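Visitor: Next up is a structure, given as structure tokens.
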Amino acid sequence: MMLPIDPSQISPEDIGEQQTTLDMDHEEAIEHVREVFTDAGFGVPVEFSPSDMLNEKIDAGRDPYYVLGACNPDVADRALDATDNELGALMACNVVIWEEEPGLQRVYHVSIMRIARLIGMSVDDDAMEDIIADTGELVDDAFANL
């Protein structure tokens with residue numbers, strides 16, 4: 001199957017990739033990231049541990065891995081309008097925390113707004129450009145405080 005986008009031509013900036021490491025235990029990192037993203041204007045309507053589920057269901061032996069589904073309600077509402085409701089299939093904006101080694105956690109995020117634009121989901125490019133700028137600022141603020 002031929003992909004409509006050449007993944008080798010997509011840069012981390014194209015997808016709004018941000019990441020950092022935290023020198024703390026996994027549970028402490030989850031609480032810290034949740035607090036920082038909440039302070040930056042995000043809610044966290046959904047969160048879960050894929051590692052717990054996979055380790056329980058198929059004995060995967062995964063190291064701690066946690067997903068915070070962060071959402072800024074104003075931006076999410078605008079994004080649904082700008083994509084004729086299709087962006088909901090990509091919501092929420094996930095922030096992932098995984099343990100690289102005991103006491104060292106990786107925090108990782110990509111922009112669903114940028115990805116939506118890349119795949120042609122936006123019907124209003126001007127509105128989507130504003131949304132991408134706004135979410136980028138919110139995420140930048142959060143990562144600056146991690």
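Visitor: Within the range 11-20, is there a residue that is within 17 Å of the chain's Cα centre (by Cα) and among the hydroxyl-bearing types (S, T, Y)? Talk me through it step by step, then tell me what you get.
Guide: In the first step, residues of the range 11-20 are kept if they are within 17 Å of the chain's Cα centre (by Cα); the result is 11-20.
Filter once more, so that each one left must be among the hydroxyl-bearing types (S, T, Y): 11, 20.
Yes, some residue in the range 11-20 is within 17 Å of the chain's Cα centre (by Cα) and among the hydroxyl-bearing types (S, T, Y).
Visitor: Quick one: how many residues across the range 70-98 are in a helix (DSSP H, G or I), under 17 Å from the mean Cα position of the chain (by Cα) and crowded, with 18+ Cβ neighbours inside 10 Å?
Guide: Count: 4.
Visitor: Something else now. Do the conditions hold for D52, that is, is it open to solvent by 40 Å² or more (accessible area, probe 1.4 Å) and either modelled with pLDDT under 95 or under 14 Å from the mean Cα position of the chain (by Cα) (or both)? Talk me through it step by step, then tell me what you get.
Guide: Details: open to solvent by 40 Å² or more (accessible area, probe 1.4 Å): yes; either modelled with pLDDT under 95 or under 14 Å from the mean Cα position of the chain (by Cα) (or both): no.
Considered against the rule, which asks whether it is open to solvent by 40 Å² or more (accessible area, probe 1.4 Å) and either modelled with pLDDT under 95 or under 14 Å from the mean Cα position of the chain (by Cα) (or both), D52 comes out as no.
Visitor: Do you know which residues across the range 24-69 are in contact (Cβ under 8 Å) with a residue 24 or more places away in the chain and part of a loop (DSSP other than H, G, I, E, B)?
Guide: M24, D25, A40, G41, F42, D63, P64 - these are the residues of the range 24-69 that are in contact (Cβ under 8 Å) with a residue 24 or more places away in the chain and part of a loop (DSSP other than H, G, I, E, B).
Visitor: Also, I was wondering about something else. Kindly evaluate E101 against the criterion of being surrounded by fewer than 17 Cβ atoms within 10 Å (Cβ to Cβ), acidic (D, E) and modelled with pLDDT of 95 or more.
Guide: Values: surrounded by fewer than 17 Cβ atoms within 10 Å (Cβ to Cβ): yes; acidic (D, E): yes; modelled with pLDDT of 95 or more: yes.
Yes: the conditions hold for E101.
Visitor: Please verify whether S8 is more than 19 Å from S111 (Cβ to Cβ), of a type in the set (S, T, Y) and at pLDDT 95 or above, treating the condition exactly as stated. Explain how you work it out, then say what you get.
Guide: Numbers: more than 19 Å from S111 (Cβ to Cβ): yes; of a type in the set (S, T, Y): yes; at pLDDT 95 or above: no.
Spelling it out, it is not the case that S8 is more than 19 Å from S111 (Cβ to Cβ), of a type in the set (S, T, Y) and at pLDDT 95 or above.
The values are calculated or read from the model by the stated rules, or taken from the named source; none is laboratory data. A quick note: this is a predicted structure, and the numbers were derived from the prediction, not measured. Using ideal geometry, Cβ is built from the backbone for each residue, glycine included, and neighbour counts are taken over all protein chains shown. Side chains are part of the model used for accessible areas, which takes the heavy atoms of the whole protein and leaves out ligands, DNA and RNA. Shrake-Rupley method; radii C 1.70, N 1.55, O 1.52, S 1.80 Å.
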